[in-house]
Amino acid sequence: MEILIQQLINGLTVGSVYALVALGYTMVYGIIGLINFAHGDVVMVGAMLATTVVLSLVGADPAGLSAWLMVGLALLAAIPVCMGIGWTAERYAYRPLRRAPRLAALITAIGVSFIVQNLAMMIWGRNYLSFPHIIEPMVFQVGDARISLLQILIIVGAAAIMSGLMVLVHRTRLGTAMRATAQNREVAGLMGVNINTVISAAFVIGSALAAVAGVMIVTYYGVAQYTMGFMLGLKAFTAAVLGGIGNLGGAMLGGLLLGLIEALGAGYIGDLTNGVFGSNYQDVFSFIVLILVLIFRPSGLLGERVGDRA
């Protein structure tokens, strides 16, 4: 029971990050039907930039600023840069291909991913960046398990952001325009909706969520590297597919479920295989889930079966 509770806490923490990243995938797919495989690399840029900012602040004034103020400043630096990457990718890479076959846009997304990765390698190098240990560990007991203050902040912060996004989508004019564009782009345009602005807004908002997720993941694990976005992006995409890609609630549910599945698999895989496999095989569970979902329920848990529009 102690291991179960601890792994549930760990799974909720990582799953909250997956959910934030998955929302970026599902917002873009829901509106224009594009799987933006460069989205994971936007998370990477947020993590790398946040680490650089904190390292600079620690080196300039190691005792003058509180740890949370440094993280806040890093977040303020990462969000606009990631939003700029998302807007640039949409404006110059994806918009010219909006009426092209989907395969062309998909290949372009992979190309954008390689471009962002290589630019990050040129800026930060190939080595891992270590996030400085500026956050004092504060741990609370939950029965026989433990949860840190950082884990609580990640879970609560992600929940607050996801709630705010739902309010934005369902209670504002921009959200109404997004839902109208997702339903029928041409009709929404005839009704006065600026389609280009709405699609750009989806990319920008998704990239802002990616920046927040990047800061969360680097403060939690303590390292960042230019290739980290690839695996994180695949897992978040799996979470979006699991919940029902194009469905915001499904992306949130899929992220949390995938985090729990990974954590429970990592905690019990040694017992289930008599020590043959260890917790380092936890990534396998993500792709097993993806394969099973694609075979038995391609529309996801909360998705609906829809036909391709001509």
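Below, the figures for the structure above:
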| quantity | calculated |
| --- | --- |
| Considering residues of segment 74-96 that are more than 17 Å from the chain's Cα centre (by Cα) and without any contact (Cβ under 8 Å) to a residue 24 or more places away in the chain only, the residue surrounded by the most Cβ atoms within 10 Å (Cβ to Cβ) | Ala93 |
| Meets criteria (open to solvent by 30 Å² or more (accessible area, probe 1.4 Å), in a helix (DSSP H, G or I) and farther than 24 Å from Ile245 by Cβ) for Leu65 | no |
| Boolean, Met178 is more than 14 Å from Gly30 (Cα to Cα), among the aliphatic types (A, V, I, L, M) and out of contact with any Lys or Arg (no Cβ under 9 Å at 6 or more places or on another chain) | no |
| Count of segment 183-202 residues which are open to solvent by less than 20 Å² (accessible area, probe 1.4 Å) and acidic (Asp, Glu) | 0 |
| Residue in segment 97-106 that is within 18 Å of Asp41 (Cα to Cα), surrounded by fewer than 17 Cβ atoms within 10 Å (Cβ to Cβ) and modelled with pLDDT under 95 present | yes |
| Residue that is within 19 Å of Gly233 (Cα to Cα) and either crowded, with 19+ Cβ neighbours inside 10 Å or out of contact with any Leu (no Cβ under 9 Å at 6 or more places or on another chain) (or both), where the choices are Gly59, Gly15 | Gly15 |
| Members of segment 1-29 that are over 16 Å from the mean Cα position of the chain (by Cα) and assigned to a helix (DSSP H, G or I) | Glu2, Ile3, Leu4, Ile5, Gln6, Gln7, Leu8, Ile9, Asn10 |
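Conditions (1) open to solvent by 60 Å² or more (accessible area, probe 1.4 Å); (2) on the phi < 0 side of the Ramachandran plot, marked per residue:
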{"position": "Ser163", "(1), (2)": "yes, yes"}
{"position": "Arg173", "(1), (2)": "yes, yes"}
{"position": "Ala177", "(1), (2)": "no, yes"}
{"position": "Thr181", "(1), (2)": "no, yes"}
{"position": "Val204", "(1), (2)": "no, yes"}
{"position": "Gly222", "(1), (2)": "no, no"}
{"position": "Gly233", "(1), (2)": "no, yes"}
{"position": "Ala239", "(1), (2)": "no, yes"}
{"position": "Gly250", "(1), (2)": "no, yes"}
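The values are calculated or read from the model by the stated rules, or taken from the named source; none is laboratory data. What you see is a predicted model, and the numbers here were worked out from it, not measured in a lab. In this analysis, Cβ positions are derived from the backbone assuming ideal geometry, glycine residues included, and neighbour counts consider all displayed protein chains. Each accessible area value is taken on the protein alone, full model and side chains, heavy atoms only, with ligands, DNA and RNA left out. Shrake-Rupley method; radii C 1.70, N 1.55, O 1.52, S 1.80 Å.
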